[in-house]
Amino acid sequence: MKVWFITGVSRGLGNAIAVAALAAGDQVIGTVRKGSAAFENAGDRLHLLTVDLAKPGAAEAAARQALSVHGKIDVVVNNAGFGVIGALDDLTDDQLEVLFEVDVFAGIQICRTLLPHMRAQGAGRILNITSVAGRAPGAATAAYAAAKAAVEGFSAALAAELDGTDIHVTAIAPGQFRTDFLDNATMPEDRQVGADQGGATAKALSSLRQINQRQLGDPTRAASVIVRLAQAANPPTHLLLGTDALNRVLQQRDRMDAEMKAWEAQTRSTDFGED
Ligand SMILES: NC(=O)c1ccc[n+]([C@@H]2O[C@H](COP(=O)([O-])OP(=O)(O)OC[C@H]3O[C@@H](n4cnc5c(N)ncnc54)[C@H](OP(=O)(O)O)[C@@H]3O)[C@@H](O)[C@H]2O)c1
């Protein structure tokens with residue numbers, strides 16, 4: 001029986017992952033910001049912590065509290081997060097600070113707090129929920145893409161640091177999943193900042209609003225993949241979820257390959273030479 005620590009189990013992907021882990025017979029310690037979260041047949045295998053990850057020090061305190069519940073954590077899922085969308089020039093420092101606190105620093109602090117324990121037990125799984133936006137960014141998502149690219153970067157570096165151990169890190173990048181992510185509950189008006197009058201950002205904003213609650217991705221299916229991933233002996237360092245994510249990243253890779261080839265001579269020309 002594994003012990004999971006999952007941030008943001010009140011709704012969406014985090015909720016689905018908690019349900020799937022409980023259905024697999026595991027123990028779940030989950031965070032909510034307020035109130036409770038409904039889970040059927042969880043019994044005493046579910047333990048909820050009330051945490052607002054935007055508050056300084058909250059992530060580290062939550063990880064310590066989680067560890068004290070059963071004395072161990074086998075799987076940590078840094079899931080809680082939200083998006084800030086809009087033209088970069090419209091975003092405020094306050095919006096950027098809260099976004100990075102929740103989407104980036106909280107996960108880093110949780111990993112840093114739990115790693116000594118995972119090293120001591122000789123095993124662990126760290127699953128960081130990123131986004132396709134962090135790998136193949138589009139208009140209107142500069143701040144969110146920056147935050148999720150940061151998580152992709154620290155996950156890959158941490159995976160390299162843990163090479164040769166049974167502690168594995170996977171950055172999981174979902175495409176568009178049918179949760180509250182684009183809804184008013186997660187992305188209220190004050191986060192949908194002004195657009196660039198008919199330009200690429202305005203178009204991207206409008207298409208994001210249109211796909212709200214019609215996204216292709218099924219959170220329950222994502223959760224069963226994630227539970228299987230946590231059971232794998234050799235999980236991948238990166239995992240995409242959803243056909244839309246796969247197509248976007250493949251297109252991005254083709255564009256990058258073409259650019260690298262077109263500019264290869266200039267790239268190579270900067271090395272110290274013999275002349
Ligand atoms: N759905 C998608 O299309 C999609 C695509 C790519 C990546 N993702 C990523 O997937 C993860 C889950 O998102 P979702 O789609 O499940 O969205 P969601 O339905 O809006 O759920 C977001 C979860 O994060 C929690 N949360 C937000 N701010 C928090 C804070 N300050 N402190 C603690 N918890 C906080 C929410 O808690 P409350 O209920 O208290 O607000 C909620 O449990 C996020 O990291 C998101 O960036 C989602």
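The values are calculated or read from the model by the stated rules, or taken from the named source; none is laboratory data. As the structure is a computational prediction, the values presented were derived from the model and not from experiment. Don't worry about glycine lacking a Cβ; one is built from the backbone with ideal geometry, like all the others, and counts go over all protein chains shown. Remember, those area values only see protein heavy atoms, side chains included, never the ligands or the DNA or RNA. Shrake-Rupley method; radii C 1.70, N 1.55, O 1.52, S 1.80 Å.
Measuring against 25 Å, Cα to Cα, the residue pairs 203/261; 148/203; 34/55 contain 203/261 as the ones spanning a longer distance. Using a probe radius of 1.4 angstrom, the carbon and sulfur fraction of the accessible surface of the chain is 52%. Each peptide in 134-141, 234-241 gets a packing score, the mean of other Cβ atoms within 10 Å over its residues, and the list from highest to lowest is 134-141, 234-241. Solvent-accessible surface (1.4 Å probe) assigned to residue 50 amounts to roughly 100 Å².
Within the shell of other residues whose beta carbon sits under 15 angstrom from the beta carbon of residue 222, the net charge comes to +1, with Lys and Arg scored +1 and Asp and Glu -1. A simple packing score, the average count of other Cβ atoms within 10 Å per residue, orders the peptides 254-264, 26-36, 62-72 as 26-36, 62-72, 254-264, with the highest score first. In the chain, the DSSP beta bridges split such that about 0 percent are antiparallel, to the nearest 5. In this structure the chain gives 51 Å² per residue of accessible area when probed at 1.4 Å with all protein chains present. Computed extension gain for residue 243 through residue 206, at 0.36 nm per residue and net of the alpha carbon distance, reaches 11.2 nm.
For the range 3-250, the spread of Cα coordinates along the three principal axes comes to 55, 39, 33 Å, biggest extent given first. Model label sites at residue 163 and residue 274, defined 7 Å from Cα along the beta-carbon direction, differ in position by 3.1 nm. Which residues among the range 60-75 fall inside the zone where the amide N is under 13 Å from a point 7 Å beyond the Cα of residue 112, along Cα→Cβ? Answer for this model: 60-61.
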